[in-house]
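> Before we start, here is the structure in question, set down as structure tokens.
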Amino acid sequence: MPVTTLLPFTTTPNRKSASPTSFRLTEKFILLLVFSAFITLCFGAIFFLPDSSKLLSGVFFHSSAVETNTRRNPEGNDSGSAAANDEKVLAKIRKDHEKALLEAKDTLQKRPDEIQQDILNEKEAVAKGLGGRDVNHLPAVEYQQPPGATGREPADAETRERRAKIKEMMKHAWDSYRRYAWGSNELRPVSKQGHSSNLFGSIKGATIVDALDTLYIMEMFEEFDVASDWVEKNLDFNVNAEVSVFEVNIRFVGGLLSAYYLSGKEVFRRKAVELGEKLLPAFKTPTGIPWALLNLKSGIGRNWPWASGGSSILAEYGTLHLEFMHLSKLSGNPDFAQKVMNIRKVLNRLDKPQGLYPNYLNPNSGQWGQHHVSVGGLGDSFYEYLLKAWLMSDKTDEDGKKLYYEALQAIETNLMRKSSSGLTYIAEWKGGLLEHKMGHLTCFAGGMVALGADGAPNDKTGHQMELAAEIARTCHESYARTALKLGPEAFRFDGGVEAIATRQNEKYFILRPEVIETYMYMWRFTHDPKYREWGWEAVQALEQHCKVEGGYSGLRDVYAASPNHDDVQQSFFLAETLKYLYLLFSDDTHMAFEHWVFNTEAHPLPIIKRDKTDRPNEVE
Ligand code: DMJ
């Protein structure tokens, strides 16, 4: 066929010099272009349309499986299985075909703008590398506020006044932060400026996120809205910085989850899941025991350089469970739950010296590091989360229950001791030797033991409740025996002293909550007025020695005659200390234990009810 017939537009009557068979340069060039486009199209059809070729060979011509079988079995003596195989392949093709038709039908029913949006969503999810999940388009969850998110005024006047005083303290702490350190992680209340610790890398606003639920619980809704707005507009996890997985989880993920469950604002769910996804690379170790530190951008993890033989820390990898179970529930992504359940599996396989859990575990070898055991720093919240995992699962997590009560038994046998004057304390264990020291952090154990007392197997005599009361008394003594009536970081039961810090570097008080936390649990379970009195003593001491014009500060030495401020208002003062104080003076129905479990940073998470009354519209 002459080329001119194919391309009539390439010749013009004016071009007299051109004969029908000769072409000018531009015409030649256009011809060349068309020809190469044609060749590309042919090659494209052969190499880039595998699906259609499969469809052609399978449906219109013959099954590719038949072809494969024929090649494998030229004699045809396996024709029975070949035919069965053909049937299978055909059935699959038919199924895929039907599925494609249904999808096409769905698409046709959509408006063009909806189709456009679907395409954009898919593109965004892929670009974000979230394994196809996009935190902006989480599965729909019907929000239902769990009971008791706010409370009523206490009936008696004194309790009402005391509670109002604590709310006033929150207002002072919050307003000062807002005024002098807005957006920073914490406040320096004496120098009136922002303070940032390297625990959060360059993530900002720790105090805002940590305080959200306290603001809500205290019905400081104006402040809550301002904080929510900041979260919406400024909270950014796209940072090229290393963070503590544990701290970011308990304060940020926990704070966001609680804010979501209290208020129902979607932004909190979205941010919590976004941050959770960013923490997942920490689990990329041979055992799945996560690193302590993680660069949020590169996803590269490592452990604290000081931790025995490159180990991960029990209280860090063991304090992810509650938040991660809720992340799976709210995102529909099972990875979170799987990761924390795997930690359990690794621990279950290991031998425990005397039934105790050493603080150090190597994430590469899966072996314990130094045999150092503590219910205070490095160990504490691991035990707390075993019990609370069981409670938060509406008592369905039987493994969590068993592990908690076994661990507590080992602690009682090996670490709990009585001083000569009868104070019960929990010592630390170093390779079989006891160090007779108890940390302020360890004082949370009074509340934990009280919370678990009810479900304790074989405890008809109320032994665990007694134990909890004894721990509370010891911790109160550690406060009462100081000059400023606030407790030291650690106190000892040796060298002739009881419940007193003997080392200078253990005499500080950084506004920690654990002792007040235990008073709150003890009050709720016993209604013994002494716990409210002890809480009130702490309020007075905080007001007298820690309150400054620019907020609340920690103290360098609780035995000194007058306060020497450390100039830090810790974010947990707003998240925990003030919240537990407020609840100590609230009715039991406010954040009732029947419906809520507090994470280790005092962020309340709802119990996931086994009868699903908390999620009536959940689709299986
Ligand atoms: C908080 O961040 C948490 O309670 C954590 O479990 C340990 N201690 C601090 C407050 O003391």
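The values are calculated or read from the model by the stated rules, or taken from the named source; none is laboratory data. In this text, all values refer to a predicted model and were calculated from it rather than measured experimentally. Backbone-built Cβ (ideal geometry, glycine too); neighbour counts: all protein chains shown. Just so you know, the surface numbers come from the protein's heavy atoms only, side chains and all, with ligands and any DNA or RNA stripped out. Shrake-Rupley method; radii C 1.70, N 1.55, O 1.52, S 1.80 Å.
> What figure, in Å² to the nearest 10, do you get for the accessible area of S365 with a 1.4 Å probe and non-protein molecules left out?
70 Å²
> Rolling a 1.4 angstrom probe over the protein heavy atoms, how many square angstrom per residue are accessible across the stretch 170-287?
It amounts to 32 Å² per residue over the stretch 170-287.
> Evaluate E = 1/(1 + (r/R0)^6) for E232 and H595, where r is the Cβ-Cβ distance and R0 equals 30 Å; express this FRET efficiency to the nearest 0.05.
The pair E232/H595 has a calculated efficiency of 0.65.
> Sort all Cα-Cα distances of the stretch 276-432 into consecutive 10 angstrom bins from zero, then give the percent of pairs in each bin up to the one containing the longest distance.
11, 39, 34, 13, 3, 0
> OK, next. Between D588 and K284, what FRET efficiency follows from the Cβ-Cβ distance if R0 is 60 Å, with the result rounded to 0.05?
Here the calculated transfer efficiency is 0.85.
> Next up: For D394, what residues show an amide H to amide H distance below 5 Å, using hydrogens built from the backbone and excluding near sequence neighbours?
I608
> Past 20 Å, Cα to Cα: identify those pairs from K329/K395; K171/K547; K278/K395; K395/K609, in the order given.
Beyond 20 Å between Cα atoms: K278/K395.
> In what sequence, highest mean first, do 277-290, 243-256, 403-416 appear when ranked by Cβ atoms within 10 angstrom?
So the order, starting with the most tightly packed, is 243-256, 277-290, 403-416.
> Now for a separate question. Amide H neighbours of H195 under 5 Å, at least 5 residues apart or on other chains, H built in the peptide plane: list them.
HN-HN under 5 Å from H195: N185, E186, L187, R188.
> Which cross-chain or sequence-distant (5 or more) residues have an amide H under 5 Å from the amide H of D614, H modelled 1.01 Å from N in plane?
K609
> Could you give the nm distance between label points at N136 and E406, where each point is 7 Å from its Cα heading toward the beta carbon?
Those two pseudo-labels are separated by 4.7 nm.
> Got a sec to turn the phi values of the stretch 379-387 into Karplus ³J(HN,Hα) couplings, 6.51 cos²θ - 1.76 cosθ + 1.60 with θ = phi - 60°, whole Hz, x for Gly and Pro?
x, 2, 6, 4, 5, 4, 6, 5, 5
> About the Cα centre of the stretch 322-391, how large is the charge dipole given +1 on each Lys and Arg Cβ and -1 on each Asp and Glu Cβ? Please answer in debye to the nearest 20.
It works out to roughly 200 debye.
> Got a number for the accessible area of H137? Probe 1.4 Å, square angstrom, nearest 10.
Looks like 100 Å² after rounding.
> For the stretch 258-274, in order, what is each residue's ³J(HN,Hα) by Karplus, 6.51 cos²θ - 1.76 cosθ + 1.60 with θ = phi - 60°, in whole Hz (x at glycine and Pro)?
4, 4, 5, 5, 7, 9, x, 6, 4, 4, 6, 4, 4, 5, 4, 5, 4
> Quick one: net charge of T461's neighbours, Cβ under 15 Å, K/R +1, D/E -1?
Result for the neighbourhood of T461: -4.
> If each residue of separation counts as 0.36 nm, what is the full-extension length gain between A561 and L350 once their alpha-carbon separation is subtracted?
71.0 nm
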